[in-house]
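A short worksheet on the structure shown next.
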Amino acid sequence: MKKIYALLLLSLLTITAYSQIELDPGEDKPAFKDRIYYGGGFSATFGSITSVYVSPAVGYMITKGLSGGVGITYQYYQDNRYNPTYESHSYGYRLFLRQNLYFIPKLPLFAYGEFENLNFEAAVYNPNTQEYYLERNWYPRTMLGLGIFAPFGRRGGFFFAVMYDVMYSGSTSAYGSPWVYRFGVSF
């Protein structure tokens, strides 16, 4: 259970970066390379608990305000407070769509949807033996939400997004809450 809370805390404190670009409406056919953008997340914690999280992503501007992309995630986690030391590796992938919303002038809102599937060990309770054991499983989640983007320069800016995991089930979820908050700087 502590591992789940640690993963939840890490997902909330991770710095995430996504590039925010828009296609020039005066340009007929932008080059493929001008439609591609990169981003992702990274965090690291060292001490009695060591955690390294890497999550690169690549996106493609489909239309003037709609983009989609893919990403992968890897996390190494080690807890030295136990004997023996607890160590795990988590990995997964995600698919995302982002639509810039233009219905309020000068307010850079966006709608965001993401499917994420993570594979890691979690404690599972066996009612027959009344004991917990570790089992590796895939934990999917589908997040939908809204965000705000404050641009600087052609591609950069600050963003904040609030999302809700519509697949959340307290008993079978890898996370302690269906709410996801992301903030960061994009490049």
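None of the figures in this text is laboratory data; all of them are computed from the coordinates on show. Not measured: the values here are computed from a predicted model. Quick reminder, even Gly has a Cβ in these numbers, built from the backbone with ideal geometry, and neighbours come from all protein chains shown.
Just a few scattered comments:
- Those trypsin sites (Lys or Arg not before Pro) in region 52-114 that DSSP places in a loop and that have at most 15 other beta carbons within 10 Å: LYS64, ARG81, LYS106
- Shown here is the pair-distance distribution of region 74-148: with all Cα-Cα distances grouped in 10 Å bins from zero up to the longest one, the shares run 16, 28, 25, 17, 10, 3, 0 percent.
- Whole-Å semi-axes of region 57-187's equivalent ellipsoid (Cα gyration tensor): 36, 16, 13
- Volume in Å³ per residue [convex hull over Cα atoms, computed for region 31-95]: 78
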